[in-house]
Amino acid sequence: MPSKKSQLKKQLVAYSFIAPNFIGFAVFTMVPIIFAIALSFLHWDGSNPMSWAGVSNFVDLFDDDQFKASLKNTIVYSLGTVPLTLICSLFLAVILNQGIKARNFFRTVSFFPYVASLVAVAAVWNMIFNPSKGPVNMMLYKLGFSSVPGWAADKNWAMITIILFSVWKYMGYYMIIYLAGLQGINPELYEAANLDGTNVWQRFRFVTIPQLSATTFFVLVMLTIQCFKVYDIVYMVTQAGPGTATLVLVYDIYNKAFISWNLGSASAVAIVLFLLVLIVTLVQFNGEKRFTN
Amino acid sequence: MKKVLTIVLVLSLLMGAVFANGTKEAAPAQAGVTTLKWALWDIASTTYYEPLITAYEAAHPDIKIEMLDLGSADFMTMLQTQLSGGDSSIDVVTIKDIPGYNNLVKRNLLLNLNDKIASEGVDLSLYGGTTDQISVDGKLYGIPFRSDFWLVYYNKDLFDKAGVAYPTNDMTFAQYDALARKMTSGMGADKVYGAHYHTWRSAVQLFGILDGKHTIVDGTYDFLKPYYEMVLGEQKDGIVQDYATLKTSSTHYSGVFYNNSVAMMNMGSWFIATLINQVAQGNTEVKNWGLVKYPHAEGVTPGTTLGTITSLGVSNASKKKDAAFDFVKFVTGPEGAQIVAKTGTIPAIKNEGVIQIIASKPGFPTDSASRDALQVAKTYLEMPLHEKSAEIEVVLNQVHDEIMTNNISIDAGIAKMNEQVQKILAK
Amino acid sequence: MQVQNKNSKPIALLLYTLLVISALAMLLPFVWMLSASLKLDKDVFTFPIQWIPANPRWENYSEIWTMIPLLTFIKNTAKLTIIVTFLQLLTSSFAAYAFAKLHFKGRDVLFLGYVATIAMPWQAYMVPQFLMMRSFHLNNTHLAIIFLQAFSAFGVFLMRQFYMSVPDELCEAARIDGMSEYGIYAKIMLPLSVPALSTLTIFTFVNTWNDFLGPLLYLTRTELKTIQIGLRMFIGQYSSEYGLIMAASVVALIPVVIVFLSLQRFFVQGVATAGLKG
């Protein structure tokens, strides 16, 4: 049995590891966030004295068309983007972890949509998917489709366009995380599996996937958060349109905070977003624990 | 491991070096000199800031004006964040739009200028009524220094080539529509569009308010129907470029006009200076262009148009309010107007002399109609001052986008505007 | 997972075809940037896309240096990026070790708290944060951006996940040998996590390099501004100089690509022995 003193020492050692990051983090991020949470119960325009709002900021959301549209759109967006990006990036990472020719080239290229300026990426995307003159629709016409999608200009297709764009842009980013994760897998596991006469798929299913579970948890959580917080992409590709077809939560937060200067109301939407992500993360966190134990 | 250590070492050395010079502060201000900070946007591409400041500093050696560039795209957001919580570092504030002005006033961030205007004898009658339009309960929080209005730009060469008479300063909407249809020709790379509407809501929707019977914050929008019908009809018939294509390809209106692909384009007067410069530098295919007044509804005086004003105000938290106001007075006053006009920009004081300066700028069209087009009969603000203008604008922009992309019918779109704006007004 | 097998030749072919197609799709924006950077503004958005400009306008690349103080901006951005990346790597990997391999009170709650804050959109706490920073007189200093970026929860989360996949037995054995926790971190975990550290370096580097709204809000004095603000200087209210924006974007992209290329070789560490080659 370790003595109480050594227990305490262990705890202190652990805290000393965390402290450098945590202190900076707590002061510069945590405190403002707590302030923002408090704001959701207040009326404040950032200048005049605050006044108590109780839960009225939240109650008002029930009758807020902008909020309702953005909540629905954000959920649809996340449901589409998370699984697609996860699968594509894992697939890409596994392929680019092989000893294939020009591997470095392909890896670098996959990262391009993420690092290239968003202005350029969005411009290219919008030109390629331009409803009347873009090459994609030209090709569809030639293939004999009589009606082609309006992509970003059609309210039924705009969200799909944004989802495809996001997958394309973020695939390389998560591929990197998976690539790094793949390096951590003990090669002996594959050798053992090889001796057992397994095929490619079995090795992928029973060695790679379980070994990557910590990475996948990370990717899942980060992707979910990223999707719930999407803003830049929407701003560049559709400006939340047509109408409110791609209006997302952070867009609504921006409008409430910086167009109307209704910081309490903006915070209330942020809290809703925060709680949604927290629930999803908790579910995934429990899943991870069960998976790794 | 050794390598990692070396990298760490190098990095920490670098850090030390940069930190050392990063903490250096700017030299303290000279004794006896008051420095005023002016919040504005686009220093590099705006030509009138420097001459205004030079002229003012020459007359007031004890004042130094420092510019604070907050960028144009997010200007009002950045400005309002900087002013939050009573910071005194900004003295003079440029106000870019009316919803933003309304917010600044509501948030108590701007100084009420009434007393100063009275004591310093500022003549508000010079501003052609614009100061009344931005008074809140009789109090004025900013003085206009730029006053842009909408005109129709046209490509003379295209009209000559088609053998069609130029547009005139007295066009009804029906005549304008017919002319646009007449000027449309060609296919593919040779296609000439009769008219062009940029993707801003104001370029199309605000035709509806020019008869003075309705405003855009009314809460009922049935009066917009004929104008949407006209524009969507032109779009359907290929008279104007498709809104959806323009928007998704982020087409800038200037490129369209430069490339000889549109015969007429309605746009704000801010484009005059840019157009003159670009044509002079040979960056455009269009060589000869002209200006005419905005088209008007039946029975409305020609020269009735839309306007936007840019104003200057004094921050409520400034510690140098008197000096700041004096600078505002100079920039917005007759002297400032002269300087602004010399750069081809329309100042808020639009008297005969100012129009003369702009019209005689080299590169400005030489025909008399273009000069007369600068005479405005009546200007309606793109967004009138209203307590809820920011929120109303969000809704109007969304529904406009839906109508123009044919995602909703005109009637259903108008019904949606009516419903949602009335909800905002009732709150 | 062997592609060199005789019977897997068609699969390899299919794989390469897929790779080449996706590589083309991913390269498009970059090619477009290059081509736009050699055009006049009016030609940038013309249809159909002119991939090779008829009259390449090389002046765009010389003009960007004189029209805005681009060199100063690059220096500022480089300084910020290096400091932030360094601090981020150091503090995150340190904290992550405790979250992954040590047991202490409140570990899970604290960790969840970290992760949860990532979910808070910056727009929601931008104003309180700005007011706080200004009350510390950090407004218009590079320190503001450093503090904003360097202690992110993201880095801790990323590193923790990689440490999780390192077997606990390794640490246990070292502890029995009498190694301190700090020793285990420095001598066992750090060398093992080179791929993860490379990943974090790339991400932090790219994020800080491309950050826009933070610098825009906090750095209003020209001599402090960063390259992304510089890029926006070409986007004016009434006209946008896209040719120049893209030329500057291409210049701004070079350091990121260099960092990526020089770090990506660390992604092959484990594979060198056998890895997935089987």
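The values are calculated or read from the model by the stated rules, or taken from the named source; none is laboratory data. For clarity, every value in this text was computed on a predicted model and none was experimentally measured. Heads up, the Cβs are rebuilt from the backbone with ideal geometry, glycines too, and the neighbour counts pull from every protein chain shown.
Table for the structure above
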read-out	value
Of residues in the stretch A:155-182 being farther than 17 Å from A:Ala122 by Cα and either part of a loop (DSSP other than H, G, I, E, B) or of a type in the set (Lys, Arg) (or both), the one farthest from the other protein chains (Cβ to nearest Cβ)	A:Asn156
Candidate set: the stretch A:92-134, residues that are of a type in the set (D, E, K, R) and in a loop (DSSP other than H, G, I, E, B); chosen: the one farthest from A:Ala214 (Cα to Cα)	A:Lys133
The stretch A:119-134: number of residues that are facing chain C (nearest Cβ under 8 Å), modelled with pLDDT under 80 and buried (at least 21 other Cβ atoms within 10 Å of the Cβ)	6
A:Ala192 being small (Gly, Ala, Ser) and crowded, with 23+ Cβ neighbours inside 10 Å	no
One residue from B:Tyr154, B:Tyr176 being touching a Gly at 6+ places or on another chain (Cβ under 8 Å) and in contact (Cβ under 8 Å) with a residue 40 or more places away in the chain	B:Tyr154
Some residue of the stretch B:384-393 being among the small types (Gly, Ala, Ser) and more than 25 Å from A:Val237 (Cβ to Cβ)	yes
Checking B:Ile98 against (1) within 11 Å of another protein chain (Cβ to nearest Cβ); (2) under 22 Å from the mean Cα position of the chain (by Cα); (3) more than 15 Å from B:Thr332 (Cβ to Cβ); (4) not polar (S, T, N, Q), the condition it does not meet	(1)
Selection status of A:Ser89, part of a helix (DSSP H, G or I) and within 7 Å of chain C (Cβ to nearest Cβ)	no
Pick from the stretch B:247-270, criterion assigned to a helix (DSSP H, G or I) and in contact with an Asp or Glu (Cβ under 9 Å, 6 or more places away or on another chain), ranking: farthest from the other protein chains (Cβ to nearest Cβ)	B:Lys247
Residues located in the stretch C:158-185, provided they are modelled with pLDDT of 90 or more and either within 30 Å of C:Thr72 (Cβ to Cβ) or within 7 Å of chain A (Cβ to nearest Cβ) (or both)	C:Glu181
Residue satisfying condition, being within 19 Å of the chain's Cα centre (by Cα) and surrounded by fewer than 22 Cβ atoms within 10 Å (Cβ to Cβ), within set B:Lys350, B:Lys378, B:Lys329, B:Lys319	B:Lys378
Conditions (1) under 29 Å from B:Gly344 (Cα atoms); (2) under 20 Å from the mean Cα position of the chain (by Cα): number failed by B:Ala263	(2)
Answer residue from the stretch A:196-236, given it is among the polar types (S, T, N, Q) and free of Cβ contacts under 8 Å to residues at least 24 places away in the same chain and is farthest from A:Val82 (Cα to Cα) among those	A:Thr198
Selection status of B:Lys319, in a helix (DSSP H, G or I), in the same structural domain as B:Tyr101 (by TED's automatic domain parsing) and of a type in the set (Lys, Arg)	no
Helices (runs of 4 or more DSSP H) completely within the stretch A:1-74 that count 2 or more residues being at the interface with another protein chain (Cβ under 8 Å from one of its Cβ atoms) and closer than 17 Å to A:Lys256 by Cβ	A:31-39
B:Thr345 being surrounded by fewer than 17 Cβ atoms within 10 Å (Cβ to Cβ) and assigned to a loop (DSSP other than H, G, I, E, B)	no
Of the criteria (1) closer than 24 Å to C:Val44 by Cβ; (2) surrounded by fewer than 20 Cβ atoms within 10 Å (Cβ to Cβ); (3) at pLDDT below 85, which one A:Asn137 fails	(3)
Subset of the stretch B:42-85 (residues that are at the interface with another protein chain (Cβ under 7 Å from one of its Cβ atoms), within 19 Å of B:Trp270 (Cα to Cα) and among the aliphatic types (A, V, I, L, M))	B:Ala44, B:Ala73
Failed item, numbered, when C:Ile188 is tested on (1) away from chain A (no Cβ under 12 Å); (2) within 30 Å of A:Thr208 (Cβ to Cβ); (3) in contact (Cβ under 8 Å) with a residue 40 or more places away in the chain	(3)
Lone unmet requirement of (1) touching a strand residue (DSSP E or B) at 6+ places or on another chain (Cβ under 8 Å); (2) farther than 18 Å from B:Ile95 by Cβ; (3) among the small types (Gly, Ala, Ser) for B:Gly313	(2)
Pairs with Cβ under 6 Å, 6+ apart, first in the stretch C:111-126 and more than 7 Å from chain A (Cβ to nearest Cβ), second among the small types (Gly, Ala, Ser)	C:Tyr114/C:Ala153
